[in-house]
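Student: Submitted below is the structure of interest, expressed as structure tokens.
The values are calculated or read from the model by the stated rules, or taken from the named source; none is laboratory data. Predicted, not measured: the structure shown is a model, and the values here were computed from it. As a convention, Cβ positions derive from the backbone with ideal geometry for all residues, glycine included, and neighbour counts pool all protein chains shown.
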Amino acid sequence: MSSVFWTGFATSLALIVAIGSQNAFVLRQGILRQHVAALVLFCAASDAILIVAGVAGLGALVQSSPVFLEVTRMGGALFLTVYGLLAARRAWGAEALQAADGAAMSLGAALASCFAFTFLNPHVYLDTVVLLGSIASQHGEARWVFGAGAALASLTWFAALGFGARLLQPVFARPLAWRVLDALIALTMGALALMVWFGASVPITPT
């Protein structure tokens, strides 16, 4: 069961680490030290809700329809492939993220912005409800263990991103740092895509 937990953790982490609007916003607020705890909790709770929805809904569909499993598996593999290619493209021509200084944002405005970055991004539904739910369903009764690992990965990532942002500012001022990060994401996505394409259970364990 522990291997399933860490599989969920690693799979979720590989998806959410990809630099997007939500991560960039949390990173910027972390660098500015504005409402970091609230934003971290909001992002982690949002992901947890979506992951639970994915595991619950897709798990039931998979049990009643083997064909649905194949369709979602193919869709998830295709999405992972495209995601990996996009990460590789970013690694080839990435630019350093610039966290511009600005006036302090109110808590309400910060949470409203984070809500928009989270729920108005169609990829969040593909990542959590569709993709993670589909992969979790391959573990049968242990799918909730997979989901717990995925939710913990979200909390771990956003806490590290938000509270560690000020320490990373000198590093990520360099374009090379973003290229290296996206290159690692591209390799991870490629490996996951191959496993899902061939019907594997994504047997990833921490090293």
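Student: Search the range 109-144 for residues being surrounded by fewer than 14 Cβ atoms within 10 Å (Cβ to Cβ) and modelled with pLDDT under 85, and hand back the single one that is nearest to residue 25 (Cα to Cα).
Tutor: 116
Student: Report yes if residue 106 is under 18 Å from the mean Cα position of the chain (by Cα) and modelled with pLDDT of 80 or more, otherwise no. Spell out the reasoning first.
Tutor: On the way: under 18 Å from the mean Cα position of the chain (by Cα): no; modelled with pLDDT of 80 or more: yes.
So residue 106 does not fit the description; no.
Student: Another question, then. How about the range 8-29: which of its residues are of a type in the set (A, V, I, L, M, F, W, C) and modelled with pLDDT of 75 or more? Full working, then the answer.
Tutor: Just the residues of the range 8-29 that are of a type in the set (A, V, I, L, M, F, W, C), to begin with: 9-10, 13-19, 24-27.
Correct list: 9, 10, 13, 14, 15, 16, 17, 24, 25, 26, 27.
Student: Sticking with this one: Taking the residues in the range 159-207 that are more than 17 Å from the chain's Cα centre (by Cα) and charged (D, E, K, R) as candidates, determine which candidate is modelled with the lowest pLDDT.
Tutor: The extreme case among them is 174.
Student: Taking only the range 6-37 into account, find how many residues are over 20 Å from residue 182 (Cα atoms) and of a type outside the set (D, E, K, R). Talk me through it step by step, then tell me what you get.
Tutor: So in the range 6-37, the residues over 20 Å from residue 182 (Cα atoms) come out as 6-8, 29-37.
Still in the list and also of a type outside the set (D, E, K, R): 6-8, 29-32, 34-37.
Qualifying residue count, the range 6-37: 11.
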